[in-house]
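The block underneath contains the structure these notes are about, expressed in structure tokens.
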């Protein structure tokens, strides 16, 4: 009698992540715990004026144009017979203003969308590399990785988890965020007065890492050298064949390309000539429409002009916020949440792989084969003519399976 292992008949879930509670509420579960909005909206968006709104940024120009309109109405009512202009000039001017604002807003949103796609591409490459590493880091002839090789695998996986953090800090110009220069957690502050140092992120970096940001070398690019070196060592160990290692390098190249595209968005602002002309056209249009409305509306021209200016400057303000989508504004990409969710996801894989590797090592060294994964990891190696060659070939079992022992006669 010996022990065999069989999978459970149905998958087992450790969390229930599909139960809804109330309106737009979800349990605090993974995946996407940090990226998903949990707090429900108690008020319709039409009544929101502070959080996420652009009103604070456009309050000054709206107020100034309202005051100028009041001055024009005063002149038209009490000083001159009329200062009004033909109202037919508004449609021709509004076409020009509308075209400029459409171009501005569309360009800014494209930058926002491309930045979000870059983050998704980077996370996808990290997922693919982590999956390939943990499922292929073994030799069919030598068995599972030894202690030193397991440490090498784990270090590489942790570096992959650190790369999104490094990219986030690089795009925000938080240089040296991986090192606690002040001597205490959170002591190093960036220009916004918030702590740039993250001990969780710093713990993912390889021991003894020396940054060269002061020399002009970005930390994300620096970390890719460690990952590429692991591919070479894995190929020499017999873990990856040449085509497999080439595919892994292609994933690493795609990750670097996504990082470079996000860097391009950060370092290439909207041309200043367009920004200057747009500001001037908006200001001139706001100064002309009071003269076109004063004869027909009188003092009612003040709220009407304020409403028009609020609309136009609001569109322009949204474009200004979306131009650099990697900051801390409420309308920017949720960089911290996306990076945190990615780290949590890969941590689960790494934790499962640790337990898996320890079980395989223990059962490869056991002589009776009566415990753990021993019988599942070793299979007879046939000699090509249907007989048993007498040796045993290592086959790594699948991850994420809850193995249950059963007695067979």
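The values are calculated or read from the model by the stated rules, or taken from the named source; none is laboratory data. These figures come from a predicted structure and were not determined experimentally. Note: ideal-geometry Cβ built from the backbone for every residue, glycine included; neighbour counts use all protein chains shown.
Just one residue in the set 156, 141 is within 30 Å of residue 241 (Cβ to Cβ), at pLDDT below 90 and either over 18 Å from the mean Cα position of the chain (by Cα) or assigned to a helix (DSSP H, G or I) (or both); that residue is 141. Taking the listed residues 238, 260, 216, 229, the one that is surrounded by fewer than 15 Cβ atoms within 10 Å (Cβ to Cβ) and in contact with a strand residue (DSSP E or B) (Cβ under 9 Å, 6 or more places away or on another chain) is 238, with no other qualifying.
Taken as a whole, the condition of being in a helix (DSSP H, G or I) and modelled with pLDDT under 90 does not apply to residue 257. If you check 182, 177, 207 for being assigned to a loop (DSSP other than H, G, I, E, B), surrounded by 11 or more Cβ atoms within 10 Å (Cβ to Cβ) and either at pLDDT 85 or above or within 20 Å of the chain's Cα centre (by Cα) (or both), only one passes: 177.
Checked against the criterion of being assigned by TED's automatic domain parsing to the domain that holds residue 77 and either free of Cβ contacts under 8 Å to residues at least 40 places away in the same chain or over 30 Å from residue 95 (Cβ atoms) (or both), the range 292-301 contains one or more residues that satisfy it. Inside the range 127-138, residues that are within 13 Å of residue 230 (Cα to Cα) and either in a helix (DSSP H, G or I) or in contact with a strand residue (DSSP E or B) (Cβ under 9 Å, 6 or more places away or on another chain) (or both) make up a count of 6.
Can you say whether residue 290 is part of a helix (DSSP H, G or I), within 43 Å of the chain's Cα centre (by Cα) and over 23 Å from residue 105 (Cα atoms), as far as the supplied structure shows?
Numbers: part of a helix (DSSP H, G or I): yes; within 43 Å of the chain's Cα centre (by Cα): no; over 23 Å from residue 105 (Cα atoms): yes.
No, not satisfied.
Kindly indicate whether residue 121 is surrounded by fewer than 20 Cβ atoms within 10 Å (Cβ to Cβ) and modelled with pLDDT of 95 or more.
Values: surrounded by fewer than 20 Cβ atoms within 10 Å (Cβ to Cβ): yes; modelled with pLDDT of 95 or more: yes.
Yes: the conditions hold for residue 121.
Residues in the range 265-284 that are assigned to a helix (DSSP H, G or I) and either in contact with a helix residue (DSSP H, G or I) (Cβ under 9 Å, 6 or more places away or on another chain) or surrounded by 13 or more Cβ atoms within 10 Å (Cβ to Cβ) (or both): 265, 266, 274, 275, 277, 278, 279, 281, 282, 283, 284. On the stretch given as the range 62-87, residues that are in contact (Cβ under 8 Å) with a residue 24 or more places away in the chain and not in a helix (DSSP H, G or I) total 6.
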